[in-house]
Structures are given as C-alpha cells and as structure tokens.
C-alpha cells in the first residue's frame, strides 16, 4: 500500500470533500487546511498534482472517513433527542443557500467569523467534521432554535 504524501513527516493527512458555492466538488487529501488561511491545497483523488483552493469560493469543507462515502446511506436529519451541549459544543443547525441542511455541534460558531467547525449529530455519518463558511448559509440556529429548525426540515421532508 502506498503511503500518503506527508505521512513520513508526521504531518496529518485529512480526507476532504470541498464543496464550492458554484456547485463544484473536489475530493482528495490535504495537509494544510487552517481556518485562518485564505487558501489551502488538495491532492484530488486519482491526481498526482495538488490543486490550490481559495476558501472564499467554498460553501464548506467536509472532513470525511472515506472519500467514496455511501450513496445509499441516508444521514439522520436532526438531533435524535441529543443533548443541548456535548464535549463537541452546542447544538447548531445550518441551512445552506443551496438548500442543504446540516445538524451538529460546535465550539466555535460566531456570525462575526468567516467559518466554524461543525461536528455531525449523526454518529453514523461519513463526516468527521465540517468547516462551514458562514456566508454560504441562509440560516444558522443554535440551541432550542436549532431543534425547531431541524423539526421543521423533518416535517417538510415527510410532507414532500
């Protein structure tokens, strides 16, 4: 098995899926994503050359267990009666401008920041964490308001 680039240097390699505002998706690995930097590099799956990614063009960066994912799995929408706070932070629900909806927990959300990490509420999710760009969200709710927003999305899904 080939060792991922950087492993011999003890630099962690993360599997990521970058979702762009224009709908593009780039899957690969990165070793230099930091929330306070305007760019980072992804080595796309099946490509030898790294691609520079400008964060201002992104909706979110999904840090995943497996780049292939499971297209048949349906993520649990909502909090499944989860607690208001966990060691991973407070409840937060995010509805992106493109309609995608995520529920999870965060320690770092502030509307004043460019982005924040969200840890999924669904323990079976392929997502380990998601770096959400605040400007890509249509609505972000915390605590009981996050529960209400999640319930509304669930109800809309049942009615459809």
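List the strands (runs of 3 or more DSSP E) inside the stretch 6-58, counting only whole elements, that have at least 2 residues being within 19 Å of residue 127 (Cβ to Cβ). It would help to see each step written out before you state the result.
Working: elements: 14-20, 25-30, 39-44, 51-54.
Per the criteria, 14-20, 25-30, 39-44.
For the subset of the stretch 127-147 comprising residues that are modelled with pLDDT of 90 or more and in a helix (DSSP H, G or I), which member is farthest from the chain's Cα centre (by Cα)? Full working, then the answer.
At the first step, the residues of the stretch 127-147 found to be modelled with pLDDT of 90 or more are 127-142, 145-146.
Then drop every residue that is not in a helix (DSSP H, G or I), which leaves 134-136, 145-146.
Details: 134: 12, 135: 14, 136: 12, 145: 20, 146: 17 Å.
Taking the candidates together, the pick is 145.
Any idea how many residues of the stretch 88-126 are assigned to a strand (DSSP E or B) and modelled with pLDDT of 90 or more? Give the steps one after another, and end with the answer.
Of the residues in the stretch 88-126, the ones assigned to a strand (DSSP E or B) are 89-96, 101-106, 115-120.
Right, trim to modelled with pLDDT of 90 or more and you get 90-96, 101-106, 115-120.
So the answer is 19.
Right, residue 101: under 29 Å from residue 158 (Cβ atoms) and either touching a helix residue (DSSP H, G or I) at 6+ places or on another chain (Cβ under 7 Å) or in the same structural domain as residue 17 (by TED's automatic domain parsing) (or both) or not? Steps first, please.
Numbers: under 29 Å from residue 158 (Cβ atoms): yes; either touching a helix residue (DSSP H, G or I) at 6+ places or on another chain (Cβ under 7 Å) or in the same structural domain as residue 17 (by TED's automatic domain parsing) (or both): yes.
Judged against the criteria, residue 101 is a match.
Yes/no matrix, rows are residues, columns are (1) closer than 30 Å to residue 144 by Cβ; (2) surrounded by fewer than 10 Cβ atoms within 10 Å (Cβ to Cβ); (3) under 17 Å from the mean Cα position of the chain (by Cα); (4) modelled with pLDDT of 75 or more:
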| position | (1), (2), (3), (4) |
| --- | --- |
| 2 | no, yes, no, no |
| 5 | no, no, no, no |
| 26 | no, no, yes, yes |
| 47 | no, no, no, yes |
| 53 | no, no, yes, yes |
| 74 | yes, yes, yes, no |
| 86 | yes, no, no, no |
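The values are calculated or read from the model by the stated rules, or taken from the named source; none is laboratory data. Just so we're clear, the structure is a prediction, and the values are computed from it rather than from any experiment. Positions of Cβ are backbone-derived with ideal geometry, glycine not excepted, and every protein chain shown enters the neighbour counts.
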